[in-house]
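Beneath this line is the structure, given in structure tokens, with notes to follow.
The values are calculated or read from the model by the stated rules, or taken from the named source; none is laboratory data. The shown structure was predicted, so the numbers you read here are calculated from the model rather than taken from an experiment. FYI the Cβ positions are ideal-geometry reconstructions off the backbone, even for glycines, and counts take in every protein chain you see. Only protein heavy atoms, including side chains, enter the accessible area calculation; ligands, DNA and RNA are left aside. Shrake-Rupley method; radii C 1.70, N 1.55, O 1.52, S 1.80 Å.
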Amino acid sequence: MIKITYEQLIKKLHTYSPMEKVLKEHPEIRGNQKLIKKFNDSLTPQQQKIMMTPIVSYDSLQTLLATSFFDKDDPIKVKIVKHNRYTTPLTHNHDFYEMFYVLEGEFTQSIGNQRFLMQTGDVCLVPPGIYHTLYVDNPSIVLNILIDSKTFQEIFLNNIIGNQIFASFFKSKLSNFLCK
């Protein structure tokens, strides 16, 4: 197990990824289908995998699959990743739970016809099947916590302790998104 200090983690989170560097330095790429495709085509397969470009195209609504993010042999399918800064908004849904945590800064989250300004300390949980769009067009640090549906069910929903009425209410509300 690799040990990392809080200061090392913060430094790592502030370091721009190759994709973030390109998007920050070339804002004309964001939202331009032809330039995005040209950029993707210029990458090697290894670069595409690191930058996650093979799973994303910007010409239609996307459904992101858990198989793109979780290894089949992973017993606890939970992944924490930093959301790319300066991204093109992508309307998508997925077959897993996605939780956002704004470590610092702000971004706009759209779900249906509602827009939410998410700011430092805010959390948003989006269940499977809900189309949503994140717009992080700034240097904010947003963490995505991806949780496989089965893992979420086993670890969280099956372990709600306390009042059965509360547990039933909470489980029913997860058919909608939860943002704070």
In sequence order, calculated HN-Hα J values of region 35-42 (Karplus, 6.51, -1.76, 1.60; Hz; x Gly/Pro): 5, 4, 4, 4, 5, 4, 5, 7
Hey, if we sort PHE69, PHE116, PHE156 by accessible area with the 1.4 Å probe, largest down, what's the order? PHE156, PHE116, PHE69
Short to long, in 5 Å steps from zero, the percent of alpha-carbon pairs of region 59-143 per bin is 3, 14, 23, 27, 19, 10, 4, 0
Sort HIS26, HIS94, HIS83 by heavy-atom solvent-accessible area, probe 1.4 angstrom, most to least. HIS26, HIS83, HIS94
Give a residue-ordered list of calculated ³J(HN,Hα) values for region 10-16 (Karplus: 6.51 cos²θ - 1.76 cosθ + 1.60, θ = phi - 60°; whole Hz; x for Gly, Pro). 4, 4, 4, 5, 7, 6, 6
Provide LYS72, LYS24, LYS38 ordered by accessible surface of protein heavy atoms (probe 1.4 Å), highest first. LYS72, LYS38, LYS24
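Using R₀ = 22 Å, calculate the FRET efficiency as 1/(1 + (r/R₀)^6) where r is the Cβ-Cβ separation of GLN153 and ILE76; round to 0.05.
Details: r = 13 Å, r/R0 = 0.58.
With a Förster radius of 22 Å, E is 0.95.
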